[in-house]
Amino acid sequence: MAILPTGCKRQPEPGPVEDTPAPYVAPTPTPKPEAVEPAITEEELRRRYEEEKERTLQDVNFDFDRWNLSIRARALLSAVGDWLLSNADVKLLIEGHCDERGSSEYNLALGQKRANAAKEYLVDFGIAGDRLSTISYGEERPLDPRSTEDAWSLNRRAHFVVIEE
Amino acid sequence: MKDGTWADRGGRHGVGSRLTPLLAACILVSWIAAPVAAVDVYLDIKSSGSRRIDVAVPRFSTGEESIRALETGEQIRSILMYDLLNSSVFNPIDISPFFASEGVEASSINFKQWYLIGMQALVAGTFTFHGDEIILKAWIYDVPMGQEIIGKSYQGQIAQLREMVHRLSDEMVFRFTGEQGVARTRIAFVKAVAGIKEIMLMDYDGHNMIPITSDGTLSLFPALTGDGTRLAYTSYRHGNPDLLLIELRDKTVSTLASGGMNITPAFDAAGTHLAFSREIDGNPEICTMDLMGSNLQRLTFYPGIDSSPDWSPNGRQLVFTSDRSGSPQLWTMDVEGGNQRRLTFIGEYNDGAAWSPRGDRIAFHSRQNGAFEICLINPDGSHFTQVTNDLGSCETPAWSPDGRQLIFSVRKGGTTTLMRLQLQTGRLSDIGTPGRNEDWTAPCWSR
């Protein structure tokens, strides 16, 4: 399984300077700027983590009245799976949403199926089921409130919320 | 008073038993005159087919000469006109401009005159103020026979006037059809403002609206018991779609089902069991349970969506929505889960089934040309009928307790309102008026 090398919980490479017992270290030239890496601050780590989180946790979209996962949806979910593997403390809530065109009763059930479809994929990917919870909002929480094709396709989605990290 | 006899003083009805949180006081109902010929129901005037009974309605009079008296008389006439018109039984005709000189007693009414212009019935009455109380007396007449059918007296607080007139209308419906009228029924629905949805309760005519929930979150799918004392709904107040039960008398809330998705409750006719859709093993499945949240029975086992159940009035069957054929369609089954069979084959998206109180029809919404229309079908799958056309997108039909009307939501031009359809006459009317930026949806009707 491909684990992204930038997994941010990973400790940075140990610095070459401090613990080295060799006496001939002293005359070596001052380290190049790259070697300053160990000085990465908590804030910088946090920033990278947040950046990657945002890049990874993209909404997975669905066809009208469908909850099956498209090829694009699977690719997005694989990236989420990778990220979850390298961020083992993270727990996700997966929200299932629908567009306004269905009826509100049926849409609530459909949203649940969408959230469950995303969860199932991630469990098959190797993520423990207890790290993933689901909820349906049906058509109650549209991302884009307009009544256009573009808005509807944005609103038919599984959305990820980090509830523990 | 007509004959001075109060044949039945046992007619005191506790209003408190009918969920009137605002009005604790009672309305005293009495006979002024017993029904003629000792029959309970006066069926001499037959309505043939969809023909309604033409009833003359004058302004109710009082001895008092005051603005208050004039306004009250007009108010009574207008409430009564509305009730009779929405009873599906009567065609009320305002004769107040022509009736002024006549009295309310049979001897002083010119029946021939009303008969010649086609009236079949006439209701006349008086009212008097006693402090903060009002006494309303009314007589119902058979115009062709020139005969009194019944006289009734209603006494209560002035604030209860609407309820008193509703009682009079229901009395008239009962005398002419033998059936219970709907003028004192209630409607629960969802009021949406800026993404917040709350359950509201109002009289069948849109008056006396009160909030039932104020959770500031999503409250969905209200269902009332037949007697109107309890309401079940799906609530997100604990961050998850749980099924809650509210005792309307004291607003006690109990949790019926939580964990996973619990939606679209429906009470059986007895009000002792609920059917709903619950997520089991990742799938929304139809379940039933009692009102303690116990004795959960799972009725469907299909790995897709099963939702929106409703009971047949005899409690032996359920109608529900399933996508097992590839699109949302109505299905029926026994209450034990057997004999699951597809009901609808017309329309690519059918949902929101409501079984009529008489058991002979099932109302639902069906997607036609991109919008929902209200349709009817027989429980055997025959007689598919579309009953709305281009009003907007019509969803979630609910039956009036007498089975003569449907209420549903209509989305048009960015707002959603509630409308009522009289099935026999095709008459459509709005119920209540949503405020600015409000959407009213998911109506349900108490019996």
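The values are calculated or read from the model by the stated rules, or taken from the named source; none is laboratory data. Bear in mind the structure is a predicted one, so any value in this text is a computation, not a measurement. Ideal geometry is used to build each Cβ from the backbone, glycine not excepted, and the neighbour counts take in all protein chains shown.
So B:Met202 ticks every box in (1) within 13 Å of chain A (Cβ to nearest Cβ); (2) under 26 Å from B:Gln422 (Cβ atoms); (3) surrounded by fewer than 23 Cβ atoms within 10 Å (Cβ to Cβ) but one. Which box is left unticked?
For B:Met202, the exception is condition (1).
When you scan region A:62-100, how many residues do you find that are part of a loop (DSSP other than H, G, I, E, B) and hydrophobic (A, V, I, L, M, F, W, C)? So that I can check it myself, show each step before the final result.
Of region A:62-100, the ones part of a loop (DSSP other than H, G, I, E, B) are A:62-70, A:87-90, A:98-100.
Filter once more, so that each one left must be hydrophobic (A, V, I, L, M, F, W, C): A:62, A:64, A:67, A:69, A:88, A:90, A:98.
Number of matching residues: 7.
Do the conditions hold for A:Gln58, that is, is it touching a helix residue (DSSP H, G or I) at 6+ places or on another chain (Cβ under 6 Å), among the polar types (S, T, N, Q) and either away from every other protein chain (no Cβ under 14 Å) or crowded, with 18+ Cβ neighbours inside 10 Å (or both)? Break it down into steps so the answer makes sense when it comes.
Values: touching a helix residue (DSSP H, G or I) at 6+ places or on another chain (Cβ under 6 Å): yes; among the polar types (S, T, N, Q): yes; either away from every other protein chain (no Cβ under 14 Å) or crowded, with 18+ Cβ neighbours inside 10 Å (or both): yes.
So A:Gln58 fits the description; yes.
Check B:Phe345, B:Phe276, B:Phe372, B:Phe364 and return the single one that is aromatic (Phe, Trp, Tyr) and under 20 Å from A:Gln112 (Cβ atoms). Let's see the steps before the verdict.
Values: B:Phe345 fails: under 20 Å from A:Gln112 (Cβ atoms); B:Phe372 fails: under 20 Å from A:Gln112 (Cβ atoms); B:Phe364 fails: under 20 Å from A:Gln112 (Cβ atoms).
Sole residue among the options that is aromatic (Phe, Trp, Tyr) and under 20 Å from A:Gln112 (Cβ atoms): B:Phe276.
Would you confirm whether any residue within region B:413-421 is more than 14 Å from every other protein chain (Cβ to nearest Cβ), polar (S, T, N, Q) and either in a loop (DSSP other than H, G, I, E, B) or surrounded by 15 or more Cβ atoms within 10 Å (Cβ to Cβ) (or both)?
Filtering region B:413-421 for residues more than 14 Å from every other protein chain (Cβ to nearest Cβ) gives B:417-421.
Checking the rest, the ones that are also polar (S, T, N, Q) come to B:417.
Going one step further and asking which of them are either in a loop (DSSP other than H, G, I, E, B) or surrounded by 15 or more Cβ atoms within 10 Å (Cβ to Cβ) (or both), we end up with B:417.
So far as region B:413-421 goes, yes, one or more of its residues are more than 14 Å from every other protein chain (Cβ to nearest Cβ), polar (S, T, N, Q) and either in a loop (DSSP other than H, G, I, E, B) or surrounded by 15 or more Cβ atoms within 10 Å (Cβ to Cβ) (or both).
Could you look through region B:384-412, keep only residues that are assigned to a loop (DSSP other than H, G, I, E, B) and among the hydroxyl-bearing types (Ser, Thr, Tyr), and pick out the one that is nearest to the other protein chains (Cβ to nearest Cβ)?
Per the criteria, the residue is B:Thr388.
Working only within region B:306-362, note down all residues that are away from every other protein chain (no Cβ under 14 Å), touching a residue at least 60 places away in the same chain (Cβ under 8 Å) and not polar (S, T, N, Q). Can you show your working first?
First, pick out the residues of region B:306-362 that are away from every other protein chain (no Cβ under 14 Å): B:311-318, B:332-343, B:345-346, B:355-362.
Filter once more, keeping what is touching a residue at least 60 places away in the same chain (Cβ under 8 Å): B:312, B:317, B:357.
Once the filter is applied, which keeps residues that are away from every other protein chain (no Cβ under 14 Å), touching a residue at least 60 places away in the same chain (Cβ under 8 Å) and not polar (S, T, N, Q), region B:306-362 yields only B:Pro357.
What helices (runs of 4 or more DSSP H), lying completely within region B:70-184, carry at least 2 residues that are of a type in the set (Phe, Trp, Tyr) and surrounded by 22 or more Cβ atoms within 10 Å (Cβ to Cβ)?
Details: elements: B:96-99, B:111-116, B:161-177.
Per the criteria, no element qualifies.
Do you know which residues across region B:250-289 are at the interface with chain A (Cβ under 10 Å from one of its Cβ atoms) and β-branched (Val, Ile, Thr)?
Selection gives B:Ile263, B:Thr264.
To keep it simple, each residue is scored yes or no on (1) touching a helix residue (DSSP H, G or I) at 6+ places or on another chain (Cβ under 6 Å); (2) more than 27 Å from B:Gln180 (Cα to Cα).
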{"residue": "B:Ile305", "(1), (2)": "yes, yes"}
{"residue": "B:Gly338", "(1), (2)": "no, yes"}
{"residue": "B:Thr344", "(1), (2)": "no, yes"}
{"residue": "B:Asn378", "(1), (2)": "no, no"}
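All but one of (1) more than 14 Å from chain A (Cβ to nearest Cβ); (2) under 23 Å from B:Leu418 (Cα atoms); (3) basic (Lys, Arg) hold for B:Arg175; which doesn't?
B:Arg175 satisfies all of (1) more than 14 Å from chain A (Cβ to nearest Cβ); (2) under 23 Å from B:Leu418 (Cα atoms); (3) basic (Lys, Arg) except (2).
If we keep just the residues of region A:68-111 that are hydroxyl-bearing (Ser, Thr, Tyr) and buried (at least 23 other Cβ atoms within 10 Å of the Cβ), which is farthest from the other protein chains (Cβ to nearest Cβ)? Walk me through it before giving the result.
If we filter region A:68-111 for residues that are hydroxyl-bearing (Ser, Thr, Tyr), which is where we start, we get A:70, A:78, A:86, A:103-104, A:106.
Those left that are additionally buried (at least 23 other Cβ atoms within 10 Å of the Cβ): A:103-104, A:106.
Values: A:Ser103: 5, A:Ser104: 7, A:Tyr106: 5 Å.
Among those that are hydroxyl-bearing (Ser, Thr, Tyr) and buried (at least 23 other Cβ atoms within 10 Å of the Cβ), it is A:Ser104.
Working only within region B:287-297, note down all residues that are without any contact (Cβ under 8 Å) to a residue 40 or more places away in the chain, in a strand (DSSP E or B) and not acidic (Asp, Glu).
B:Cys287, B:Met289
Spot the failing condition for B:Ser219; the list is (1) within 23 Å of B:Phe320 (Cα to Cα); (2) surrounded by fewer than 20 Cβ atoms within 10 Å (Cβ to Cβ); (3) at pLDDT 95 or above; (4) touching a Lys or Arg at 6+ places or on another chain (Cβ under 6 Å), and only one is missed.
Every listed condition holds for B:Ser219 apart from (2).
Can you tell me which residues in region B:422-437 are within 18 Å of B:Arg51 (Cβ to Cβ) and part of a loop (DSSP other than H, G, I, E, B)?
Start the filter on region B:422-437 by keeping residues that are within 18 Å of B:Arg51 (Cβ to Cβ), which leaves B:422-427.
Listed by number, the residues that qualify are B:Leu423, B:Gln424, B:Thr425, B:Gly426, B:Arg427.
Taking the criterion of being closer than 16 Å to B:Tyr233 by Cβ and modelled with pLDDT under 95, would at least one residue in region B:307-330 satisfy it? Don't jump to the end; show me each part of the working.
Here is the first cut: in region B:307-330, the residues closer than 16 Å to B:Tyr233 by Cβ are B:307-310.
Pick out the ones that are also modelled with pLDDT under 95 and you get none.
So far as region B:307-330 goes, no, none of its residues is closer than 16 Å to B:Tyr233 by Cβ and modelled with pLDDT under 95.
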